[in-house]
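Colleague: Could you have a look at this structure, given as structure tokens, before my questions?
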Amino acid sequence: AIVEAMRPEFTEVRDAANILLAAQKADWGPIQYEGELHDRASYRYFWELLRKAHVTGVAVPEAAEVAFFSN
């Protein structure tokens with residue numbers, strides 16, 4: 001029950017993945033996503049959200065899974 005309560009919503013995970021993939025393409029410089037600006041400070045937040053999704057079993061979009069969690 002505790003793990004379920006900590007799971008992020010899939011829409012949050014999808015947005016985090018899209019933001020981090022765009023940031024990676026921009027060499028981690030500032031980006032714009034859905035009308036909002038993001039930079040390294042927000043990337044840390046979205047990375048934690050994506051990592052939490054990964055460890056709690058929430059589906060991570062395939063491109064992000066490959067880019068950030070494949071060994």
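Quick note: the coordinates plus some simple rules give every number you see, no bench work behind them. What you see is a predicted model, and the numbers here were worked out from it, not measured in a lab. When we count neighbours, we look across all protein chains shown, and the Cβ atoms used for this are built from the backbone with ideal geometry, even at glycine.
Colleague: Counting just the residues of the stretch 7-47 that are of a type in the set (D, E) and touching an Asp or Glu at 6+ places or on another chain (Cβ under 9 Å), which one comes out surrounded by the fewest Cβ atoms within 10 Å (Cβ to Cβ)?
Modeller: Going residue by residue through the stretch 7-47, those that are of a type in the set (D, E) are 9, 12, 15, 27, 34, 36, 39.
Among the residues that remain, those that are also touching an Asp or Glu at 6+ places or on another chain (Cβ under 9 Å) are: 15, 34.
On the way: D15: 18, E34: 8.
That would be E34.
Colleague: Does the stretch 8-38 hold any residues that are under 13 Å from the mean Cα position of the chain (by Cα) and in a loop (DSSP other than H, G, I, E, B), and which are they?
Modeller: To start, the set of residues in the stretch 8-38 that are under 13 Å from the mean Cα position of the chain (by Cα) comprises 8-24, 33, 38.
Scanning the stretch 8-38 gives P8, E9.
Colleague: Then there is this: Filter the stretch 52-71 for residues that are surrounded by 14 or more Cβ atoms within 10 Å (Cβ to Cβ), without any contact (Cβ under 8 Å) to a residue 40 or more places away in the chain and either of a type in the set (D, E) or within 13 Å of D15 (Cα to Cα) (or both) and give the result.
Modeller: E65
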